[in-house]
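Undergrad: Next up is a structure, given as structure tokens.
The values are calculated or read from the model by the stated rules, or taken from the named source; none is laboratory data. Owing to the predicted nature of the structure, the values given are computational and were not obtained by experimental measurement. When we count neighbours, we look across all protein chains shown, and the Cβ atoms used for this are built from the backbone with ideal geometry, even at glycine. Keep in mind that these areas ignore ligands, DNA and RNA; they rest on the heavy atoms of the full protein, side chains included. Shrake-Rupley method; radii C 1.70, N 1.55, O 1.52, S 1.80 Å.
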Amino acid sequence: MFSKLQIYCEAIMEASWLAAAVIIPLFFNVSSSQTFEPDKAYVLTFLAIISGAACMLKRLCGDGPRKADGASDLPFRSMLRHKLVFPVLALAAIYTLSSLFSIAPLLSWMGLYKRAQGTITFYSYVTLFLVILSELRTTAQLKRLQHAIILASLPVAGYGILQYFGADFLPWSNPMGDRSSGSMGNPIFLGAYLIMVMPLTFSRLVDGIGMIRLQFSRRAGLLLAGGCG
């Protein structure tokens, strides 16, 4: 039987990864000198700390995750058997060693002023990865994450389209010329983000079309397929 504290920890963890999926692509700070990457990295680090603390608190208060809706049980210790965990942890160890013996330790840990992609930011990626791997166990959770990613991509892509047609409503110069950078600050980062969102959107579009064929879920299927389309 789960305590209320453990249930709250689960809610905090899921809220953190959903917030990361929505806020990070959309967030930029026009009042900041760097505007994009460092500010996104600091927000992500904050969310990773919250989710990691909630995960540790849940583990300290209980004996493992529950089974719900036919989900498979994935205890924290069994994550080491996942194929991706060992390479990620090995890379984290390499980051740590290189930062400990770096000739510029501050830059190694914090990252460059323009990017903030140091070891601490990488730890944030690893923390969110482990939390999601350990706590995302049901189909409903996966669908919520997919929908959050898809919905966040719409304004990101829309802003890039506005930039392409010269209708950017923010008064800054675009160093990339006629290439749209959207809310990512760089056209390469924008393309990398959208290319990851497209398969998720297509998958939900196919699901929506399948739901349309069923009489009892036709309205929901139309809404899902129309939104993804």
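Undergrad: How large are Rg and Dmax for the chain when only the alpha carbon atoms are used, in Å?
TA: 20.1, 66
Undergrad: Still on this structure: Using θ = phi - 60° and the Karplus form 6.51 cos²θ - 1.76 cosθ + 1.60, what ³J(HN,Hα) does each residue of the range 18-28 get, whole Hz, x for Gly and Pro?
TA: Residue by residue, the range 18-28 yields 5, 4, 4, 5, 9, 6, 4, x, 8, 6, 8 Hz.
Undergrad: Tabulate in residue order the Karplus-calculated ³J(HN,Hα) for the range 121-132, using 6.51 cos²θ - 1.76 cosθ + 1.60 with θ = phi - 60°, rounded to whole Hz; enter x for Gly and Pro.
TA: 5, 5, 4, 5, 4, 5, 4, 5, 4, 5, 5, 5
Undergrad: Under a straight-distance cross-link criterion of Cα-Cα below 23 Å, which lysines are reachable from Lys4, leaving out those fewer than 8 residues away in the same chain?
TA: Candidates past the 8-residue exclusion: Lys58, Lys67.
Undergrad: How large is the dipole of the range 115-229 about the Cα centre if only Lys and Arg carry +1 and Asp and Glu carry -1, each at its Cβ, rounded to the nearest 20 debye?
TA: Numbers: 9 positive and 4 negative charges, 93 e Å.
Dipole magnitude for the range 115-229 comes out near 440 debye.
Undergrad: Measuring with a 1.4 Å probe in the full set of protein chains, what accessible area per residue, in whole Å², belongs to the chain?
TA: Working: 13950 Å² over 229 residues.
I get 61 Å² per residue for the chain.
Undergrad: Given H placed 1.01 Å from N in the peptide plane, which residues other than close sequence neighbours of Ala116 have an amide H under 5 Å from its amide H?
TA: Residues meeting the amide H criterion: none.
Undergrad: Determine the calculated [θ] at 222 nm for the chain from helices alone, applying -39500 (n - 2.57) to every DSSP H run no shorter than 4 residues and normalising by the residue count; nearest 500 deg cm²/dmol.
TA: Numbers: 8 runs with 150 residues, N = 229.
When only DSSP H runs of four or more count, the value is -22500 deg cm²/dmol.
Undergrad: Follow-up. Work out which trypsin sites (Lys or Arg not before Pro) in the chain are exposed loop sites (DSSP not H, G, I, E or B, at most 16 other Cβ within 10 Å) and give the longest gap free of them.
TA: Numbers: sites that count: Arg66, Lys67, Lys83, Lys114, Arg115, Arg179, Arg213.
Longest stretch, sites excluded: 1-65.
Undergrad: A further question follows. Report the one residue of Pro38, Ile149, Gln6 whose Cα lies farthest in the direction of the positive end of the charge dipole of the chain (charges on C-beta: Lys and Arg +1, Asp and Glu -1; origin at the Cα centre).
TA: Gln6
Undergrad: In the chain, carbon and sulfur make up what percent of the accessible area (probe 1.4 Å)? Show your work: numbers first, answer last.
TA: Details: 9800 of 13950 Å².
With neighbouring chains kept in place, the figure for the chain is 70 percent.
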